[in-house]
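A quick write-up on the structure given underneath.
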Amino acid sequence: MVFGDVIDDIVVVPTTAIRVDTDTVSIIRSAAGGSAANAACWMGSFGAEVDFVGRVALDDVARHGTLLGSAGVTPHLRGDENLPTGTIVIIVDGDARTMLTSTGANALLSPDDVSDELLDAAALLHFTGYSLFGRVDDTAIRRLIERCARRGVQVSVDPGSAGFLADFGARRFLDAVWGASMIFPNREEGRALTGLDDPESIVQHLLEGFRMVALTLDTGGVLVAARGRPSVQIPSLVVERVDPTGAGDAFAAGFLANWVVSGDDLTAAHAGVAAGAMAVAQLGARPPVAAKV
């Protein structure tokens, strides 16, 4: 199952360099997003049984529930009467993205919203750093991880944002997610978490707290490391890159959907790389069946 953010994305792809104080012709598309919701939809599109817990504006519960359901996800959405659904404006410039974020109703989602009944039926819980960023108290997320441990439910985490990690604090983040067994940072997030630059050094450092680390390296593929085994770099697949938004979410989803069945980190990492390639070859962060607003 997956717990976390649901977002309405506004994806902007300028056709030329942005001209300040005047018009720039652009391709603009509205799509459903949110790192956790994206991952859930990719998992569902790969045939995994996925429950998703999130929070949106009250008027958007049916719409976002339908979008999640279209990807094979079972939605458990709480509707907020006061806050809007979170929104992000994503400006895509080649492989670079600038994201302007309003968290909206996601700010009031609590880890305690994940029921014992859902955990009892789960093999794995996945969440992202967005479920921590901006919060004053980390107790609830620690409590959720402890509830998983008591049930033998594996926990995976995607840090989500190097910028928000810097604001939140790397040490605080690692302390808050202690007990999770798998982590899926990209290279920038790995740097933010460890203060290191070399990919091998990053994964070895993170293995002190996690059983498995999959460090995504953009066009360099992914470096997979597990305790007691040499790290392995898996190359990326060559595809026409349209939009990198959601590639990390797709990688984590492909990995986890395979891992729950195979139990093998390397087989799962190959599946994750294939999923990431699918994501960058399209505009938007979700599989096509779940992307239309």
At q = 0.13 Å⁻¹, what is the base-10 log of I(q)/I(0) for the chain according to the Debye formula with one equal point scatterer per Cα and no solvent? Please give it to two decimals.
-0.84
Regarding region 234-275, what are the three Cα extents along the principal axes, ordered largest first, in Å?
32, 18, 10
Dipole magnitude of the chain about its Cα centre (Cβ charges: Lys, Arg +1; Asp, Glu -1), debye to nearest 20:
360
Could you check which residue among 143, 63, 229 shows the biggest mean-square fluctuation in a GNM of the chain with a 10 Å Cα cutoff?
229
Alpha carbon Rg of region 1-149, scaled by the compact-globule rule 2.2 N^0.38 Å:
1.13
Cut-off 10 angstrom, C-alpha nodes, Gaussian network model of the chain. Which of 73, 213, 92 fluctuates the most?
92
In whole angstrom, note down how far apart the Cα centers of region 250-275 and region 163-215 are.
19
Arrange the following residues from fewest to most other Cβ atoms within 10 Å of their Cβ: 43, 278.
278, 43
The chain - percent relative contact order, Cα under 8 Å, separation 6 or more:
18
How long are the semi-axes of the equivalent ellipsoid of region 168-293, defined as square roots of 5 times the Cα gyration tensor eigenvalues? Whole Å, largest first.
24, 16, 14
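Coordinate-derived values only; no laboratory data. From a predicted model like this one, the values you see are computed outputs, not experimental measurements. Counting neighbours? That spans all protein chains shown, and the Cβs are built from the backbone with ideal geometry, glycine included.
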